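What follows is calculated from the coordinates using simple rules that are stated; it is not laboratory data. A quick note: this is a predicted structure, and the numbers were derived from the prediction, not measured. Neighbour counts are summed over all protein chains in view; Cβ atoms, including those assigned to glycine, are modelled from backbone coordinates with ideal geometry.
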Amino acid sequence: MPSADNLAVISAAGSRKTQYIVDRVLASSSRRVLVTTYTNENLRQITERLSIGSGVLPAQVTVMGWFKFLMSQCARPYQSYVLGEAGVIRGLNFIGSKPQYAAKKNPRRYYLDSHDAVYRDAVSAIAVEANRLSQGKVIRRLSRIYDHIYIDEVQDMAGYDLDLLDALLDSPVGITMVGDPRQATYVTNNARKNTNFKGNRISSWLQQRRDRCFIQERTESYRCNQAICDFADGLYPELPRTTSMNNETTGHDGVFDIRPEQVRSYVEQYSPIILRHQKTSDTQGLAAMNIGVSKGSTFDRVLIFPTKPMIHYYHNRDPEKAGDLAKLYVAVTRAKYSATFVIP
Amino acid sequence: MLAKIVIQNYRTFRRFELDFDPDLNILVGDNDAGKSTLIEAIGLALTNRIRGRLFAQELSPYMFHKDVAAEYVAAIQAGRTPPPPEIIIDLFFDSKAELAGLYGTNNLLKVDAPGIRVRAGFNPDYRDEYEAFIARPTDVRLVPTEYYRVDWLDFSSNGITARSVPATASLIDASNIQLQSGVDYYLSGIISSHLDPRERVELSRAYRSLRENFADDESIVEINEKLRGAPRDVSDRQLTLNIDVSQKASWETNIVPHLDDLPFQFVGKGEQSTLKILLALNKNVDDAHTILVEEPENHLSFPNLGKLVNKISTKCVGKQVFIATHSSYVLNKLGLEKLVLLSVNGGFRLDILPVDTRDYFRKLSGYDTLRLVLARRSILVEGPSDELVIQRAYLDRHGCLPIENGIDVINVRGLSFKRFLDVAVLLKQNHVTVVTDNDGQDAADVRARYSAYLAHGNVSVCVGEGKDYRTLEPQLLKVNDIETLNKVLGVSYGSPEELLDYMIDNKTTCALAVFDSPLPINMPEYIQDAIG
């Protein structure tokens with residue numbers, strides 16, 4: 001029976017969704033709670049905030065990375081239903097991926113590498129299969145351990161992850177999923193299952209389940225000013241508009257561009273955090289952060305070394321030609337006051 | 001509480017399965033049936049340690065079941081590549097809500113239950129080295145444990161720590177008291193676990209300040225002053241005396257418990273083992289606490305054993321106790337229904353014994369019930385004279401005493417045959433023969449009294465035929481002529497009646513004479529049947 005506590009929060013950047021989870025967890029101290037998310041950075045932040053900086057979590061609260069959760073609580077306990085033998089899985093193969101043409105009838109070769117480590121894109125598949133073949137033992141075990149499971153960054157879930165979430169939505173465990181469909185910069189696995197729902201399609205996946213899960217939209221940004229919100233919203237015209245709750249003015253507020261030769265003096269004047277697309281991007285030798293890594297962080301100002309499609313969007317505001325929408329969205333929405341592009 | 005154990009390839013156990021009683025399990029069995037191994041295995045799964053050391057460090061090829069090891073080596077030498085054998089010990093817990101995280105099917109039975117396991121298996125990281133090793137089959141003589149790893153897991157197949165095991169264990173092996181200096185590891189373990197963390201810290205702190213004070217003592221300062229000036233023949237460094245303040249010199253090595261002001265190691269061995277057992281029993285724990293006791297009867301006099309057994313039965317409430325014993329006294333006192341008769345595949349219980357039979361043995365705790373339990377074949381007789389005559393009859397027929405063939409002749413007082421048979425019918429692999437007088441009734445009627453037991457197939461009853469031959473003595477007279485018996489007994493009665501009166505008045509003397517006589521004696525038919 002689905003829990004009446006199931007909730008999906010679709011939120012905009014800077015809407016304090018992680019803080020929302022932290023507040024909810026701390027408010028329900030009597031319940032056994034699991035908080036899980038995909039990125040290590042987010043995991044670290046959640047642990048820090050839940051423990052109020054002490055590193056020691058309240059009793060009853062467990063914080064676990066999504067893959068650790070999948071491995072230890074979902075795949076391992078009932079692996080014998082999928083793999084035939086007990087205690088076969090030795091570890092996780094995070095680099096390799098499932099051989100494309102392996103036959104499913106030899107599950108050990110299909111899901112595991114030659115050292116019996118599970119391919120990363122097979123972990124949730126084992127979990128879902130084990131649950132199916134054992135008539136629901138995986139979910140039953142979870143519902144004995146946890147009263148409520150919070151999943152942050154739900155937009156990163158894909159493939160069999162979504163099938164597992166589906167099963168959890170039907171269980172007595174309360175599920176709270178929080179995510180921003182615009183920020184799907186990672187995908188937990190590349191399995192071909194549920195490809196329709198990768199990335200920003202998470203909102204339609206959730207909409208289809210609104211009978212089992214209450215959907216709440218958080219469209220206030222406590223971080224970015226309205227100009228930044230509008231620039232970012234333009235990337236996703238089908239999603240609701242974001243209202244800025246940040247009315248501070250500093251004299252340099254909004255979205256700007258500078259030429260490469262102005263970078264030095266601009267950095268000196270405003271001390272922005274420098275964001276780049278990837279490690280190989282040229283940032284004039286200045287220390288920079290990858291956009292993907294910056295997710296979840298708040299900065300006063302950012303200076304972005306953009307890709308060609310990003311530049312195109314800057315000039316034309318045409319999301320069709322903006323390339324990786326999520327990366328661009330994440331990059332600009334890190335800033336409270338100003339997001340500036342270096343444009344040759 | 002521990003609900004069940006399943007063991008694979010560990011020492012005597014190739015495949016072993018046993019359900020536990022939640023309170024008390026008295027482990028009984030022949031030597032080599034695996035009593036100590038079972039105790040060791042329970043401790044191993046609960047602590048990942050064996051004799052105080054990590055299993056991974058202690059793992060050796062000799063811990064594998066010898067047939068399993070031999071088959072593996074033979075297969076390698078025959079050029080095949082069998083998987084290296086694994087030692088697995090699975091401990092199942094009772095279902096409880098707090099144990100939800102220990103649930104899974106990663107156990108030898110593949111059932112969904114909460115539990116923990118230790119597994120010593122091949123470490124795939126050594127695959128290349130292992131393949132090189134088996135490439136020369138003639139060099140493979142033992143299980144190559146150097147390529148193994150030990151995993152300590154719960155049934156969800158996730159690693160566990162001592163903290164996450166929901167039960168604690170105290171192993172008490174009274175026969176194996178190793179005292180060099182200070183407290184041995186059993187005792188230090190028991191003492192440490194008896195103290196709460198604050199008290200433990202206080203103890204360490206007090207010990208450290210004791211060491212520090214030593215150096216500040218006036219006389220020591222003076223002595224050290226003197227030593228500092230000592231001739232420097234060997235070294236230029238200064239020589240002083242002090243107490244070892246390094247980490248390894250902790251209180252356990254130097255502080256000794258005293259009993260009535262006598263240092264622990266000077267107390268008798270019996271007192272030492274009693275003390276250890278009592279410390280373990282008195283422990284207050286929230287977690288399920290398991291107490292493993294090896295042969296408590298060692299080093300204890302009979303009255304002290306009695307005291308200890310009483311303590312065990314009153315103090316073990318709420319704790320799960322395992323006792324390996326050779327003592328019928330321990331067994332009868334603590335209750336036959338708690339007996340687990342071990343074999344290398346599993347255990348057998350007497351828990352369905354009728355209540356009045358349990359009480360009977362508990363009251364008459366001197367009875368050697370273990371003999372009946374352990375003997376493959378036993379002959380129950382009604383008195384010492386029957387016992388002697390049966391021994392003689394057996395010797396004549398087989399050329400040796402029955403006990404040399406593993407047949408135990410047990411003298412059962414009065415009419416308690418049925419109590420013993422209540423036990424015997426549960427032990428299917430044991431054959432029990434009752435030898436009884438007809439006491440003036442038809443043999444068929446006497447046999448009919450035992451019909452319920454005879455139906456089990458492992459009980460037979462031999463009764464003297466003929467109402468007029470009530471007991472052993474007239475039965476002997478029936479099959480031997482008066483001259484022979486006169487000679488055997490060293491008497492010279494003229495009539496059978498006189499001889500019979502003498503025999504009945506001197507039962508034991510006559511039986512001894514029969515047992516010792518060099519002359520051939522005919523034995524009554526029912527005695528012959530019993531020893532056939």
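The table that follows gives values for the structure above.
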{"quantity": "Between the stretch B:441-491 and the stretch B:88-154, the alpha-carbon center distance in angstrom", "calculated": "59 Å"}
{"quantity": "Global form of the stretch B:384-487, assessed from the alpha-carbon gyration tensor, a/c cut-off 1.5", "calculated": "oblate"}
{"quantity": "Net charge, residue B:408 excluded, C-beta distance under 13 Å - Lys, Arg +1, Asp, Glu -1", "calculated": "-1"}
{"quantity": "Tensor-based shape of the stretch A:211-257 (alpha-carbon gyration tensor, a/c under 1.5 rounded, otherwise prolate or oblate)", "calculated": "oblate"}
{"quantity": "Value of [θ]222 nm, deg cm²/dmol, for the protein assembly as shown, DSSP H segments ≥ 4, -39500 (n - 2.57) each, nearest 500", "calculated": "-10000 deg cm²/dmol"}
{"quantity": "Net charge contributed by nearby residues that have their C-beta within less than 10 Å of residue B:437 (K/R +1, D/E -1)", "calculated": "-3"}
{"quantity": "Amide H contacts under 5 Å for residue B:11, placed H, 5+ residues apart", "calculated": "B:64, B:65"}
{"quantity": "Calculated over the stretch B:1-51: convex hull of Cα atoms, volume per residue (Å³)", "calculated": "86 Å³"}
{"quantity": "Cα coordinate range in the stretch A:199-344, projected on the principal axes (Å, largest first)", "calculated": "55, 33, 27"}
{"quantity": "Loop-exposed trypsin sites (Lys or Arg not before Pro) per DSSP, neighbour cap 13 Cβ within 10 angstrom, longest uninterrupted part of chain B", "calculated": "B:249-375"}
{"quantity": "Part-to-part distance (alpha-carbon centres) for the stretch A:13-50 and the stretch A:70-145, which is given in Å", "calculated": "27 Å"}
{"quantity": "Efficiency of FRET between residue B:448 and residue B:401 - r from beta-carbon atoms, R0 35 angstrom, step 0.05", "calculated": "0.60"}
{"quantity": "Footprinting exposure proxy for B:481, A:166, B:442 (fewest neighbouring C-beta atoms within 10 Å first)", "calculated": "B:481, B:442, A:166"}
{"quantity": "For the stretch A:110-192: rounded, prolate or oblate by the Cα gyration tensor [a/c cutoff 1.5]", "calculated": "oblate"}
{"quantity": "Principal axis dimensions, the protein assembly as shown - Cα atoms, whole angstrom, descending", "calculated": "141, 84, 59"}
{"quantity": "Extended-chain gain in nm, criterion 0.36 nm per residue less alpha-carbon gap, residue B:62 and residue B:217", "calculated": "50.5 nm"}
{"quantity": "All lysines inside 27 Å of residue B:110 as judged from Cα atoms, apart from same-chain residues fewer than 8 positions distant", "calculated": "A:68, A:98, A:104, A:105, A:137, B:4, B:35, B:66, B:96"}
{"quantity": "Summed residue charge, Cβ within 14 Å of residue A:55's Cβ, Lys/Arg positive, Asp/Glu negative", "calculated": "+1"}
{"quantity": "Per residue Cα convex hull volume in Å³ - calculated over chain B", "calculated": "259 Å³"}
{"quantity": "J(HN,Hα) series, the stretch A:83-94, from Karplus relation 6.51 cos²θ - 1.76 cosθ + 1.60, nearest Hz, glycine and proline x", "calculated": "9, x, 10, 8, x, 7, 5, 9, x, 10, 9, 8"}
{"quantity": "Dmax and Rg, reported as Rg then Dmax, of chain A (C-alpha, Å)", "calculated": "21.4, 66"}
{"quantity": "Contact order normalised by residue count of the stretch A:47-127, Cα under 8 Å, 6+ apart, percent", "calculated": "28 percent"}
{"quantity": "Neighbour cut-off at most 13 other Cβ (10 Å), DSSP loop, trypsin sites (Lys or Arg not before Pro), the stretch A:219-311", "calculated": "A:241, A:279"}
{"quantity": "Net lengthening on full extension, residue A:54/residue A:297 (0.36 nm per residue, minus Cα-Cα)", "calculated": "85.5 nm"}
{"quantity": "FRET E, pair residue B:365, residue A:133, Förster distance 51 Å, beta-carbon r, rounded to 0.05", "calculated": "0.40"}
{"quantity": "Diffusion coefficient, µm² s⁻¹, Stokes-Einstein with Kirkwood Rh over alpha-carbon pairs of the stretch A:1-114 at 10 °C and 1.306 mPa s", "calculated": "94 µm²/s"}
{"quantity": "Per-residue ³J(HN,Hα) for the stretch A:281-289, Karplus 6.51 cos²θ - 1.76 cosθ + 1.60, θ = phi - 60°, Hz, x for Gly and Pro", "calculated": "4, 7, 10, 6, x, 7, 5, 9, 10"}
{"quantity": "Fewest-first sequence of B:1, B:523, B:503 by Cβ atoms within 10 Å of each Cβ", "calculated": "B:1, B:523, B:503"}
{"quantity": "Per-pair calculated FRET efficiency, R0 = 56 Å: residue B:80 and residue A:321 via Cβ, rounded to 0.05", "calculated": "0.30"}
{"quantity": "Order of A:143, B:157, A:294 under a 10 Å beta carbon neighbour criterion, fewest first", "calculated": "A:143, A:294, B:157"}
{"quantity": "Residues whose placed amide H lies under 5 Å from that of residue B:50, excluding near-sequence neighbours", "calculated": "B:55"}
